[in-house]
Each structure stands twice: as C-alpha cells, then as structure tokens.
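The structure appears below as structure tokens.
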Amino acid sequence: MANNRLNTTTQHSHVNGFEVTVTMKNLQKTIVYSTLFMTMLTLTPNVWAQSWESLPADTQNTLRPLRLSWPNLSDTQKQSWLKRVPELKAMPTDQLATAQERMAEWTALSDQQRAQVQERLRTSRQPDPLTRAKLWKSFTGQ
C-alpha cells in the first residue's frame, strides 16, 4: 500500500512560469535514467572495444606493435594505451615510428623489467623527456 501511495504522490511546482507536476514514480525513473546517462557520458566508445579485432583499423595501425600482446593486457592497460591513440596519431611520421619502436621494445620486456623501468622513471628527479629517453636507452642497452 505504501508503494502504491508513493507512486501516486505528486508535487506541484512552478518553473519559469509553468506548473510542473512530478510523481514519485516519475522522479525515481528520472534519477535512474539520469545516473545511467551520466555514467555513459564518462565512458569513451573504446571502452567497449576490448578485443583487438573490435578496434578501428586506424587505432590498430597506430598500436600495431601491441597486437600480439593485446589479449594479455589488463583492461586498465588497454584503456591507458587507447587514451594515448589521439596523441600518437597527431605525431609526425618519424616520431610515431620512434614511439612504435618503443612500444615494441616495451612489449618484449618481462613484467619484472617493466616494473624496474617504471620505478626508475617514477623516482627520477629529472622527469624531462631527454632524461627519460636516456634512462630507457640505458635500460635497453642501446
């Protein structure tokens, strides 16, 4: 009975000169739909593109060095790479080639080696690009 009464409870308000009637049932629906809508706004289309085959061709091309390791990446890692795609696509061809070489090197590293590189980059007091490149080269023996 309380539920039935909740559904029929109405409130009359005036908004910009218009009378607005809201039932509790409609208010509940509005809250649920608004929450769903807001959640969807925070997601990018690539969230649903978790398999390599479901990625757009241009994204696959940009992330080409990750193709074989893609199924083994966590969802968080995939999203991290997917967030970088616009930046990578905007790079001049030579810079993109360098970035893709580094991606290939990164995928060849073991989990332990990756953790070491990440820790060295994180603890570096000089995180500028030149220092990062030097750290990377020293780690890969180049």
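Here are some notes:
- Matching residues, the range 109-118, being open to solvent by 50 Å² or more (accessible area, probe 1.4 Å), within 21 Å of LYS78 (Cβ to Cβ) and in contact with a helix residue (DSSP H, G or I) (Cβ under 9 Å, 6 or more places away or on another chain): GLN113
- Sole residue being surrounded by 15 or more Cβ atoms within 10 Å (Cβ to Cβ) and either out of contact with any Lys or Arg (no Cβ under 9 Å at 6 or more places or on another chain) or in a helix (DSSP H, G or I) (or both), chosen from LEU130, LEU121, LEU135, LEU68: LEU135
This table checks each residue for (1) assigned to a helix (DSSP H, G or I); (2) modelled with pLDDT under 85; (3) surrounded by 12 or more Cβ atoms within 10 Å (Cβ to Cβ); (4) acidic (Asp, Glu).
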| position | (1), (2), (3), (4) |
| --- | --- |
| VAL22 | no, yes, yes, no |
| LEU27 | yes, yes, yes, no |
| ILE31 | yes, yes, no, no |
| MET38 | yes, yes, no, no |
| VAL47 | yes, yes, yes, no |
| GLN60 | yes, no, yes, no |
| LYS78 | yes, no, yes, no |
| LEU82 | yes, no, yes, no |
| THR98 | yes, no, yes, no |
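- Subset of the range 84-95 [part of a helix (DSSP H, G or I) and either open to solvent by 40 Å² or more (accessible area, probe 1.4 Å) or of a type in the set (Ser, Thr, Tyr) (or both)]: ARG84, PRO86, GLU87, LYS89, THR93, ASP94, GLN95
The values are calculated or read from the model by the stated rules, or taken from the named source; none is laboratory data. Please read all numbers here as calculations on a predicted model, not as lab measurements. No Cβ is skipped: glycine too gets one built from the backbone with ideal geometry, and neighbour counts run over all protein chains shown. Ligands, DNA and RNA are stripped out before the accessible areas are found, and what is left, the full protein with its side chains, is counted by its heavy atoms. Shrake-Rupley method; radii C 1.70, N 1.55, O 1.52, S 1.80 Å.
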